[in-house]
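**Q** Supplied in structure tokens, the structure appears directly below.
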Amino acid sequence: MSLHIMTEILCLPPSHPRIRAIVPAALELCSEVSSQPVMLVWPLLIIARVATPEEREWVKGLAGSYSDQCKLPVYQWGCADLPDCRDLQAAEEIITELWKRLDRGEEVKTWHGLMADMNKKVLLI
């Protein structure tokens, strides 16, 4: 929540010391719950926008662990039939496009603006 406020409302840049201090802690929290049957898609979207190359790998790993949950027997219908799995799939596409744009030097002010540009909708829970 504080990362969202700092980046979206206060418009602090990814290099700001307050952002740099929060990102590893946010990734650690997401890691702690990644083995639980919950997919925290919205933190990944928020973190992805300010992630360093090393932190991007962490984001990818978390998305992968959430994706693996879609393959568990409890999700007997498979990823395509479950809203949370579809949201994860859309989030992964948004994050991939976000990083492509950032790597090309394009300014991406908000992840939700990018989501609208891509005509993607993600239920943020």
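The values are calculated or read from the model by the stated rules, or taken from the named source; none is laboratory data. Please read all numbers here as calculations on a predicted model, not as lab measurements. Cβ: placed from backbone, ideal geometry, glycine included. Neighbour counts: every protein chain shown.
**Q** Among what's in the stretch 30-84 and is in a helix (DSSP H, G or I), over 13 Å from the mean Cα position of the chain (by Cα) and hydrophobic (A, V, I, L, M, F, W, C), pick the residue that is modelled with the highest pLDDT. Spell out how you get there, then give the answer.
**A** Initial filter on the stretch 30-84 (in a helix (DSSP H, G or I)): 30-33, 41-50, 53-69, 79-81, 83-84.
From the residues that got through so far, the ones that are over 13 Å from the mean Cα position of the chain (by Cα) too are 32-33, 53-54, 68-69, 79-81, 83-84.
Now narrow it down to the ones that are hydrophobic (A, V, I, L, M, F, W, C): 33, 79-80.
On the way: Val33: 80, Cys79: 49, Ala80: 47.
Looking at residues that are in a helix (DSSP H, G or I), over 13 Å from the mean Cα position of the chain (by Cα) and hydrophobic (A, V, I, L, M, F, W, C), I get Val33.
**Q** Mind listing whichever residues of the stretch 86-125 are outside any loop (DSSP other than H, G, I, E, B), in contact (Cβ under 8 Å) with a residue 24 or more places away in the chain and over 21 Å from Cys11 (Cα atoms)?
**A** Asp87, Leu88, Ala90, Ala91, Glu92, Glu93
**Q** In addition: Here are Leu3, Leu12: which of them is assigned to a loop (DSSP other than H, G, I, E, B), out of contact with any Ser or Thr (no Cβ under 6 Å at 6 or more places or on another chain) and not basic (Lys, Arg)?
**A** Residue meeting the stated conditions: Leu12.
**Q** Tell me which residues, restricted to the stretch 1-19, are over 16 Å from Gly113 (Cβ atoms) and crowded, with 16+ Cβ neighbours inside 10 Å.
**A** Leu3, Met6, Leu12, Ile19
**Q** Among the residues of the stretch 2-22, how many are closer than 23 Å to Glu93 by Cα and either polar (S, T, N, Q) or in contact with a helix residue (DSSP H, G or I) (Cβ under 6 Å, 6 or more places away or on another chain) (or both)?
**A** Selection size over the stretch 2-22: 4.
**Q** Give me the pairs, please: first residue somewhere in the stretch 10-30 and without any contact (Cβ under 8 Å) to a residue 12 or more places away in the chain, second residue anywhere and outside any helix (DSSP H, G or I) and among the β-branched types (Val, Ile, Thr), beta-carbon distance under 9 Å, and either six or more positions apart or on two chains.
**A** Arg20/Thr52
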